[in-house]
Structures are given as C-alpha cells and as structure tokens.
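Asker: Below is the structure I would like to discuss, written out as structure tokens.
The values are calculated or read from the model by the stated rules, or taken from the named source; none is laboratory data. All values derive from a computational prediction rather than experimental measurement. Cβ placement follows ideal geometry from the backbone for every residue including glycine, while neighbour counts extend to all protein chains displayed. SASA here: full protein model, heavy atoms, side chains in, ligands and nucleic acids out. Shrake-Rupley method; radii C 1.70, N 1.55, O 1.52, S 1.80 Å.
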Amino acid sequence: MKFIIAFLIVMLFIMIGEWVSSLTHAYIPSVFVTAVLFMIGFWTIVPKNVVETASFGSNFSAICLGLTLVNLGTLMSLKELLQQWRAVCIALLGIVGTLTLTLTIGTWIFNWHTVVAAVPPLTGGLVAALLMTTGLKAQGINYLVALPVSMFVFHSLVGYPLTSWLLKKEGKRLVNEFNSLPASQKNSVAKLSNDDLQSKHFFHLPQQYRTSSFILVKVALVALLSNLVATAIHPFININVNVICLVFGVIAHQLGFLESHALNKAGVYDWLIYGLLAYIFSQLSITTPRQMGTIVVQIIVLIALGLLGMFIASSLLAKPFKMTWQMAYACSLTCLFGFPTDYILTSEVSREMAHNKEEENYLLAHMMPKMLVGGFATVSIASIIIASIFLKLL
C-alpha cells in the first residue's frame, strides 16, 4: 500500500501545479507550484524517499531523460538546430554577466568560499549543485555543504515565474506577429500540425504493426546508440550524452526512422515527463528549514546579483543577435534549470497564449528551439566546466 500512497502524493503535487498554472494562465508555472509543494512536504510529513518509493528513482529518471531527449529531436530539423547559434551565444554570455557581478560585488560582501560554493548552481542548475556538494564534502568544508542545493531551490523559485513571464511577453508579441502575416504564410504554419501526414517512413509497415511498443523500441534504439557513441568518443572529445541524444533524435526524424512526437503517439510522453520531474524535485529532500534560514541572506543577495548581471548582458546583446530582450533574457535564464523545465515552461506558455493550434505552432517554432538549445549550452556543457573550475578555487 505504501507504494500507491507514495505515487498518489507525487501525482497530486504535479496535478495541483498544473491546475494552478491553468487557472492563472501560466503566470504561475506548474513546476514552481510543484517545487514549493515538494519542499514544504519534505519539511513536514512527506517521507524523504517518497519519489523513489513511487518508482521514480534514478534508474527510471535515466530512462526518461534519454527517451524524452530523443523525442525532442523529432520536433525540429537539423537545419533549425544549427540556426540557433545566437541562442547559444546569448545563453553563454548571460552566464558571463552573472559571473562578473557575483565574483566582484559578491566577494566584497561575502567571503570567497561562500561565493564560489553558491555561484555554480546559479549558472548550471541541479548538475552543478550536486557537483559542488560532493566537492565541499570531499574538502571538509562542511559548513557550506547545504549552500549549493539551497541555491538551486531558491533560484528555481525565482527563475520559474520570471522565465514564464518573459515567455508570455514574447508569446503575446508573436501572436500579434502571426495574425499580421499574409494568408499564404499562415497556411504554411498550419501544415506543421499535419506534419506526419507528409512524413516519410523508414519502415513501410501496415498500420496495425506500428504499435506503441514498436515506437518505443525505435526511440530506445536511438537513445542506446547515442549512449554508445558518447562512450566511444569520450576519450577524444567530451560531449554530453544529452546533446547527442537530441542530435540523433533530429537525424532519426529527418531520415524517417522516427515520426514526429514519437512518445506522444506511443501514449507515454506525459508519464516519462512526470517521472523526470519527480526525480528532480526529490533533490529538495536534502534541504531543511534551518539550513535555509542560516544562509537565506547570502542566497538572496547572490541571486539578485546573478540575475542582474544576466539581465544586463542579455539586454545589451539582444539587438545585435536579432532577439527581443525578453527572449534573450529567457534564453539566459535556462541555465537555472535546463531540460525538462525549459520545455515545460515553453509548452505551457505557448498553449495558454495561443487561441488556436496554428498560433501555438507558431509560438513553439519561434521559442522552443531557442530555449532548448540555450538550456543544453548552459546546463549540459557550461555548468560542468564552471563547476569543475570552481571546485579547484575552493
């Protein structure tokens, strides 16, 4: 019975987040609400291992991550992916703005170890937080062990609604832009929703054989190939396996091996996303109210400095990189959380801002690639580099 109770708690928190987001038209993101519920729950009556008990542990999250990233590759073309170099530059230079203010003004206010321990999670999300926590323990700096994860918790609570607000501003502009397009261009956007009707198929099988299990086998094969390639090239070039999963998903879709929205057609996409989110929020279980209380001032000041530096860099670079400042700042903010939060926030906002499927497709086509690529550049690549460097500076 405990397994069902744990599963019920996890899904209840996610459901409440979705309902609040819907009621507020995405002004309060679902992931923000769910994160708060998990944090309060862990601090009160919810068992620390509730996510693992609900069968959403590390093994399941690893499967979720690989499959969902391959699936994301089916939503864009290789040409589209390569065109997002501007988003990569904006996201990385936004991190430079954050590092500039926190390592100058921040070190005037707080001691060096405090800033060095807190900044990587601010520019790289959960991965950097876990790396810094492990490094602090190894070096015996135990009084700062709670700081990286606490920083991850707090900046997520700020980053989710801020990013959602920025995307809504951009979404409103794009809706107006779409409605001013000539009818011929609107019709070309409408065809996106019928993409699979025109797509080529690698396997010419009758419909009755193209079952959910068949789709999952193909997605799993691409994810497995991605991991094998990442392992093979690791001695020569260190490319994060998540990036390879995305690229291989794009290639498999272009070749006709995978259909668009593969996991959605298999009927398991929401299940995998929920499992991945649950595992991410389970990391909040290692924080306590007492830990938060002792370091809350340090965290708030460093977050303010970091976001200000990111805003300055994004605003200055937006026009040269042909973006609005809202879109540029949202790309930079992906370093706070990465995938799948960037995907969920963008999907949520696009769905709420659009009045029909054509408008939603237009918003997704203009915002999703930038957010995904920005998140991969920061969380999957830059965060690991920054955390590795900062560990040596402790």
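Asker: Counting helices only, and only those DSSP H runs with n ≥ 4, report the 222 nm mean residue ellipticity of the chain as the sum of -39,500 (n - 2.57) divided by its residues, in deg cm²/dmol to the nearest 500. All intermediate terms of the calculation are to be shown ahead of the outcome.
Answerer: Numbers: 19 runs with 296 residues, N = 394.
The per-residue figure over the chain is -25000 deg cm²/dmol.
Asker: Considering only DSSP states other than H, G, I, E and B, which chymotrypsin sites (Phe, Trp or Tyr not before Pro) in region 220-266 qualify as loop sites with at most 12 other Cβ atoms within 10 Å?
Answerer: Details: sites: PHE236, PHE248, PHE257; in loops: PHE236, PHE257.
Taking region 220-266 and a limit of 12 other Cβ atoms within 10 Å, the loop chymotrypsin sites (Phe, Trp or Tyr not before Pro) found are PHE236.
Asker: Right, next: Within 10 Å, count the other beta carbons around each residue, average over each peptide in 84-91, 311-318, and list them highest first.
Answerer: Details: 84-91: 21.2, 311-318: 19.1.
Per-residue Cβ counts within 10 Å, averaged per peptide and sorted highest first, yield 84-91, 311-318.
Asker: Please list the equivalent ellipsoid semi-axes of region 241-369, computed as the square roots of five times the alpha-carbon gyration tensor eigenvalues, in descending order and whole angstrom. Don't jump to the answer; show the numbers that get you there.
Answerer: Values: eigenvalues 189, 107, 43 Å².
Taking √(5λ) for each Cα gyration eigenvalue gives 31, 23, 15 Å.
Asker: Shape verdict for region 89-150, please, from the Cα gyration tensor: rounded (a/c under 1.5), prolate (a/b greater than b/c) or oblate. Spell out each step's value before the answer.
Answerer: Details: a/c = 2.91, a/b = 1.37, b/c = 2.12.
In terms of gyration-tensor shape, oblate.
Asker: Can you pull out the trypsin sites (Lys or Arg not before Pro) in region 264-361 that DSSP calls coil and that have at most 14 other Cβ atoms within 10 Å? Present the calculation step by step, with values, prior to reporting the outcome.
Answerer: Details: sites: LYS265, ARG290, LYS322, ARG351, LYS357; in loops: LYS322.
Hits after loop and neighbour filter: LYS322.
Asker: OK, next. By how many degrees, 0 to 90 and rounded to 10, does the Cα axis of helix 357-375 deviate from the longest principal axis of the chain?
Answerer: Once rounded, one gets 40 degrees.
Asker: Another question about this same structure. At 25 °C and 0.890 mPa s, what whole-number value in µm²/s does Stokes-Einstein give for the translational diffusion of region 204-281, with Rh from the Kirkwood sum over Cα pairs?
Answerer: Numbers: Rh = 13.9 Å.
The estimated diffusion coefficient comes to 177 µm²/s.
Asker: Mind listing P(r) for region 8-151? All alpha-carbon pairs, 10 Å bins, whole percents.
Answerer: Whole-percent P(r) values from 0 Å outward: 9, 22, 35, 27, 6.
Asker: Continuing with this model, one more query. Using only the alpha-carbon atoms, how far is helix 289-318 inclined from the longest principal axis of the chain? Give it as 0 to 90 degrees, nearest 10.
Answerer: 50
Asker: Also, I was wondering about something else. Just name one of CYS89, HIS261, PRO161: the one whose Cα is farthest towards the positive end of the charge dipole of the chain (beta-carbon charges, Lys/Arg +1, Asp/Glu -1).
Answerer: Of the options given, the answer is CYS89.
Asker: Another question, then. Quick check on region 271-319: take the gyration tensor over C-alpha atoms, sort the square-rooted eigenvalues as a ≥ b ≥ c, and tell me if it's rounded (a/c under 1.5), prolate or oblate.
Answerer: Working: a/c = 6.96, a/b = 1.29, b/c = 5.41.
Here region 271-319 falls in the oblate category.
Asker: Still on this structure, please answer the following. Can you tell me the 0 to 90 degree angle between the C-alpha axis of helix 341-353 and the longest principal axis of the chain, rounded to 10?
Answerer: The angle comes out at about 60 degrees.
Asker: Under 30 Å from the Cα of LYS357, which lysines turn up, not counting those fewer than eight places away in the same chain?
Answerer: LYS79, LYS168, LYS169, LYS172, LYS186, LYS191, LYS200, LYS218, LYS265, LYS319, LYS322, LYS370
Asker: Rg to Rh ratio, region 117-184, alpha-carbon atoms and Kirkwood radius?
Answerer: Values: Rg = 19.4 Å, Rh = 14.2 Å.
Across region 117-184, the Cα-based Rg/Rh ratio is 1.36.
Asker: Cβ neighbours within 10 Å, averaged per peptide: list 35-43, 145-153 in order, most packed at the top.
Answerer: Working: 35-43: 20.1, 145-153: 24.1.
In decreasing order of mean packing, 35-43, 145-153 become 145-153, 35-43.
Asker: Highest mean first, how do 363-369, 224-230, 274-280 rank when packing is the count of other Cβ atoms within 10 Å averaged over residues? Numbers along the way, then the final one.
Answerer: On the way: 363-369: 20.7, 224-230: 16.3, 274-280: 23.4.
By packing density, highest mean first, the sequence is 274-280, 363-369, 224-230.
Asker: Continuing with the same structure: Just the number please: accessible area per residue for region 1-135, 1.4 Å probe, all protein chains included, in Å². Each step should come with its number before you reach the end.
Answerer: Numbers: 6070 Å² over 135 residues.
Per-residue value: 45 Å².
Asker: Here are some values of P(r) over Cα pairs in 20 Å bins from 0, in percent: [x] 20, 32, 24, 17, 6, 0; [y] 27, 60, 13, 0; [z] 26, 54, 19, 1. Which one was computed from this structure?
Answerer: [y]
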